[in-house]
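Taking it in order: structure first as structure tokens, then the write-up.
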Amino acid sequence: MRPLIGSEIAAGFPSPAQDYIESTLDLNELLIEHPTATFFVRVQGFSMVNAGINPEDILIVDRAVEPTHRKIIIAVLDGELTVKRLEIKGDLWFLVPENPEFLSLEITEDMDFQVWGVVTYSIHKIR
């Protein structure tokens, strides 16, 4: 747990932070709703950059969240892990990238496909 500053932070003149400590913050409590169903995965590639998911980001993935239309999911497709936005149109499911340089993919019955979980947070370093 780390201190949580109980005041909004101005992007101007600094003030002593110690005067504003409200409580402590446990990132596990804040970011993980279902601890036994949650895992982390590191991103490789650029297919989700327009969703704010960049290479080397750490994704928090919750297996207890239902994979519904427009959720970002971690899936296994023919033995390979991928992160994509799930689009559901009637009975059809599509894995949709958030980068126009990549193509959407329709999930068909002949594919080995499984949803591993729904992405709930992306953690990335500010550069």
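The values are calculated or read from the model by the stated rules, or taken from the named source; none is laboratory data. Here the structure is a predicted model, which means the values were calculated and not measured. Because the Cβ atoms are built from the backbone with ideal geometry, glycine has one as well, and the counts that use them run over all protein chains shown. The protein model used for the area step is the full one, side chains on, heavy atoms only, and it has no ligands, DNA or RNA in it. Shrake-Rupley method; radii C 1.70, N 1.55, O 1.52, S 1.80 Å.
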Cβ pairs under 6 Å, 6+ apart or interchain, first in region 60-71 and in contact (Cβ under 8 Å) with a residue 60 or more places away in the chain, second open to solvent by less than 40 Å² (accessible area, probe 1.4 Å), ordered by first then second residue, are I60/L31
Under 9 Å between Cβ atoms, which residue pairs at least 6 apart in sequence (or on different chains) link something in region 114-127 that is within 23 Å of T68 (Cβ to Cβ) with a partner that is outside any loop (DSSP other than H, G, I, E, B) and of a type in the set (D, E)? G117/D62; V118/D62; V119/D62; T120/D62
Return the total of residues in region 36-75 being under 22 Å from L103 (Cα atoms) and not in a strand (DSSP E or B). 20
Given (1) among the basic types (K, R); (2) open to solvent by 60 Å² or more (accessible area, probe 1.4 Å); (3) free of Cβ contacts under 8 Å to residues at least 40 places away in the same chain, where does K84 come up short, assuming only one miss? (2)
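Please find, within region 100-127, the residue that is modelled with the lowest pLDDT out of those that are within 18 Å of R42 (Cα to Cα) and β-branched (V, I, T). Talk me through it step by step, then tell me what you get.
Here is the first cut: in region 100-127, the ones within 18 Å of R42 (Cα to Cα) are 115-127.
Now narrow it down to the ones that are β-branched (V, I, T): 115, 118-120, 123, 126.
Working: V115: 97, V118: 98, V119: 98, T120: 98, I123: 95, I126: 86.
Restricting to residues being within 18 Å of R42 (Cα to Cα) and β-branched (V, I, T), the top hit is I126.
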Any idea which of P97, P67 is modelled with pLDDT of 95 or more, under 21 Å from E33 (Cα atoms) and either surrounded by 13 or more Cβ atoms within 10 Å (Cβ to Cβ) or aliphatic (A, V, I, L, M) (or both)? P67
